[in-house]
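Each remark here refers to the structure printed beneath this line.
Only the coordinates and a few stated rules stand behind these numbers; no lab work does. For clarity, every value in this text was computed on a predicted model and none was experimentally measured. Glycine also receives a Cβ, built like all others from the backbone with ideal geometry; neighbour counts cover every protein chain displayed.
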Amino acid sequence: MPRSLYDKLVDANTVQKLDGEEQVLLYVDRTVLNEYTSPQAFTGLREAGRPVWRREASLAVVDHVNPTAARRVREIADSQAAAQVAYFERNARDFGIELFDIMDPRQGIEHVVATEIGFILPGMVVAAGDSHTTTYGALGTLGFGIGTSDIEHYLATQTVVYRRLQTMRVTVDGAISAGVSAKDIIMAFIRRTGADGAVGYAIEFAGAAIRALGVEGRMTICNMAVEAGARGAIVAPDDKVFAYLKHRPRAPIGALWEQAEAYWRTLKSDPDTAFDREIALDASAIAPLVTWGTSPDQAVAIENVVPDPTRESDPTRRAGMVRALEYMGLEPGTPMEAVQIGHAFIGSCTNARIEDLREAAGVLRGRHVAPGVRAIVVPGSSEVRRLVEAEGLDRVFLDAGFEWRQSGCSMCLAMNDDVVGPGERCASSTNRNFEGRQGMGARTHLMSPAMVAAAAVAGHLADIRKFEVGA
């Protein structure tokens with residue numbers, strides 16, 4: 001029977017079936033740990049007297065609560081955050097796990113760091129204490145988030161109890177229009193399916209438009225698939241993936257690389273595979289999108305207006321729209337380009353890689369942030385920061401009036417000093433626009449990094465297609 005790539009990866013890592021065909025004990029190849037979701041897991045190991053079974057399969061990265069000020073310092077003003085980092089460092093030391101701490105030149109957001117060093121490779125199963133572990137699917141890897149008790153189980157046994165998902169194939173064909181990015185493609189998918197439209201599914205993204213994207217664009221798509229409820233997202237690896245990985249520090253070399261690549265080329269769904277659900281998108285019909293509400297599926301094309309809840313027939317959705325508009329302080333019928341902003345943030349595990357920052361810099365070259373807008377760029381890793389500075393793009397950001405920061409999660413989730421104030425509005429390249437996500441009472445509009453740059457210059461939400469982009 002033809003099998004999907006998802007099923008092949010699950011089958012290859014199944015240690016034992018636990019409940020018919022649905023629940024299995026799944027071997028997990030790698031994990032990435034952070035200071036925010038791992039403490040209870042390590043406490044459980046300590047109390048049970050258990051060691052970490054395969055230490056080299058885990059990588060610890062400080063990223064959630066660390067300061068991202070322009071000058072990197074070890075000190076953290078918030079005592080609770082400082083205690084989290086101190087305990088994380090102690091756990092890494094006591095259990096023998098490699099740690100990229102605040103001052104490490106390799107520090108960054110876990111999902112950026114793990115891919116850029118070659119720690120994650122095609123064909124792996126990766127489970128970690130962060131929902132955006134789906135990012136790794138861009139490499140032909142099955143990645144998914146797990147809870148604290150599962151982290152403890154993984155560290156002790158290298159396995160997790162896993163329930164198989166249904167399969168969904170999302171085929172995106174057609175040419176990608178000017179000004180449209182991977183962020184717009186995934187936002188279009190989420191808008192179509194709803195925030196719960198992929199619950200219970202693992203998604204395989206396919207089609208000409210997906211193949212046309214670079215690896216980092218595919219990471220954006222797999223990263224945000226979780227915002228539609230998916231617990232797995234994957235793209236079959238190809239030459240672009242192999243070129244991306246070829247000289248990464250942790251990637252195989254020599255004969256081992258040749259063996260690995262030969263295997264990776266087999267990682268694809270069989271012809272005539274029957275997926276449980278099929279969805280088709282036309283990339284040529286997708287415009288630059290922005291969110292208007294408090295869920296990633298509440299988005300419209302930038303040239304459109306704030307929607308009117310009275311036109312929604314479903315009472316539950318209508319009530320959600322009313323609540324979202326009240327929180328966001330928006331009136332139905334308002335042109336999206338008339339919405340003023342006070343903050344612009346480029347960063348997060350979704351959109352803070354080198355390609356993202358190149359695109360944003362192209363918009364900003366020769367322009368300046370509008371009066372009254374605080375604009376911040378937080379690179380996804382220290383390595384991305386070095387690449388940006390080597391290309392001179394940091395000067396583009398600084399000359400335009402952006403703050404050029406150190407790497408970390410930063411304003412994506414407001415767990416450090418980078419916070420949007422109550423009632424303030426932010427154009428953001430992040431993945432979630434939930435109530436309070438960027439700070440208590442903060443109002444978030446999701447969009448691509450280039451669109452954030454355009455909004456920062458305009459002082460309001462703006463259409464990137466109206467900007468001449470520099471090289």
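Tell me the chymotrypsin sites (Phe, Trp or Tyr not before Pro) within segment 1-94 that lie in a loop according to DSSP and have at most 15 other beta-carbon atoms within 10 Å. Mind dumping the intermediate values first?
Numbers: sites: Y6, Y27, Y36, F42, W53, Y87, F88; in loops: Y36, W53.
For chymotrypsin sites (Phe, Trp or Tyr not before Pro) across segment 1-94 that sit outside H, G, I, E and B with at most 15 neighbouring Cβ atoms in 10 Å, the list reads W53.
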ask   = Along the Cα-to-C-beta direction of R163, a point sits 7 Å from the Cα; which residues of segment 209-250 have their amide N less than 20 Å from that point?
value = 226-233
query = What is the dipole size for segment 289-466, taken about its Cα centre, with +1 at each Lys and Arg Cβ and -1 at each Asp and Glu Cβ, in debye to the nearest 20?
reply = 80
task = Find the relative contact order for the chain and round it to a whole percent, using C-alpha pairs within less than 8 Å whose residues are 6+ positions apart.
result = 17
task = Describe numerically, in nm with one decimal, the distance between label points set 7 Å from Cα along Cα→Cβ at T43 and at Q259.
result = 4.3
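Got the relative contact order for segment 1-67 handy, in percent, Cα pairs under 8 Å and 6 or more residues apart? If you can, show how the numbers build up before the last one.
Numbers: 47 pairs, mean separation 19.8, N = 67.
Reported relative contact order: 30 percent.
Given the Cα atoms of segment 23-162, and with Rh set as the inverse mean 1/r over their pairs in the Kirkwood sense, what is Rg to Rh to two decimals? Please report the intermediate quantities before stating the final value.
Numbers: Rg = 14.5 Å, Rh = 15.2 Å.
Rg/Rh for segment 23-162 comes to 0.96.
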query = For segment 88-167, how big is the tail of P(r) above 20 Å, as a whole percent of Cα pairs?
reply = 38
task = Determine the dipole magnitude for the chain: charges of +1 sit on the beta-carbon of Lys and Arg, -1 on that of Asp and Glu, nothing else is charged, the reference point is the Cα centre, and the result goes in debye to the nearest 20.
result = 360
task = List the pair-distance distribution P(r) of segment 329-471, using every Cα-Cα distance, as the percent of pairs falling in each 10 Å bin from 0 up to the bin containing the longest distance, rounded to whole percents.
result = 14, 47, 33, 7, 0
